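Trainee: Okay, here's the structure, questions in a sec.
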Amino acid sequence: MKCPYCSHRESDVVDSRDTDDCRIRRRRECAKCRRRFTTYEEVDKEDIFVIKKDGRREKFDRHKLLAGLGKSCEKRPVSRERIEEMANWVEGKLRKGGKREIATDAIGELVMERLRKVDDVAYIRFASVYRSFTDIDSFEDALRKLKRKK
């Protein structure tokens, strides 16, 4: 591991611990400059491909998932950590499903399932974009369904 301060290639692991998302956090100390830095070790995961509505395939992008969740939760009392937890949950469900390809609809449903439990307004925001509400009736229908499930 190269030191981020002096680029020396040798360091000692001072502390090592597991994180909640299947990574290992290592606290290191450079053998040359003695400064400390943190690294994370994680399993190299197989790619999941997303099948878009128009039939195109693209690699699953966790950053897009986080951006969508973040936009839905904007100006809501939902912490960044909670958004990360939701993204971890959705990605975990996708990976545990064992499929290498998954439709955007399935991902959207998982996101909505999680948002429904976290914040009603964020759920409606996401649903309005995901389900492409075209009129007030479809929006009211989504609100009625949300109220019935509470």
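Trainee: Just want the answer: with Cβ charges of +1 for Lys and Arg and -1 for Asp and Glu, which residue in Ala103, Ser11, Val129 is farthest toward the dipole's positive end in the chain?
Mentor: So the residue furthest toward the plus end is Ser11.
Trainee: Viscosity 1.306 mPa s, temperature 10 °C: give me the Stokes-Einstein translational D for the chain in µm²/s, with Rh taken as the Kirkwood radius over C-alpha pairs. Write down the numbers at each step before the final one.
Mentor: Numbers: Rh = 18.2 Å.
The diffusion coefficient I find is 87 µm²/s.
Trainee: Counting pairs of alpha carbon atoms under 8 Å apart in space and at least six apart in sequence, what relative contact order in percent does the chain give?
Mentor: RCO, the chain: 15 percent.
Trainee: Taking the alpha carbon gyration tensor of the range 83-150, what are the square roots of 5 times its eigenvalues, largest first, to the nearest whole Å?
Mentor: Working through the eigenvalues yields semi-axes of 24, 14, 9 Å.
Trainee: Taking a threshold of 31 Å on the Cα-Cα distance, which of the pairs Lys32/Lys59; Lys52/Lys75; Lys2/Lys99; Lys52/Lys117; Lys45/Lys145; Lys45/Lys147 fall above it?
Mentor: Distance filter (> 31 Å) returns Lys32/Lys59; Lys2/Lys99; Lys45/Lys145; Lys45/Lys147.
Trainee: Hey, another quick one. Between the helical axis of 120-130 and the dominant principal axis of the chain, each derived from Cα atoms, what acute angle in degrees is found, rounded to the nearest 10?
Mentor: Between the helix axis and the principal axis of the chain, the angle is about 80 degrees.
Read-outs throughout are calculated quantities, based only on the coordinates presented, and are distinct from any laboratory measurement. Model, not experiment: these values are computed from the prediction. We place every Cβ from the backbone using ideal geometry, glycine too, and count neighbours over all the protein chains shown.
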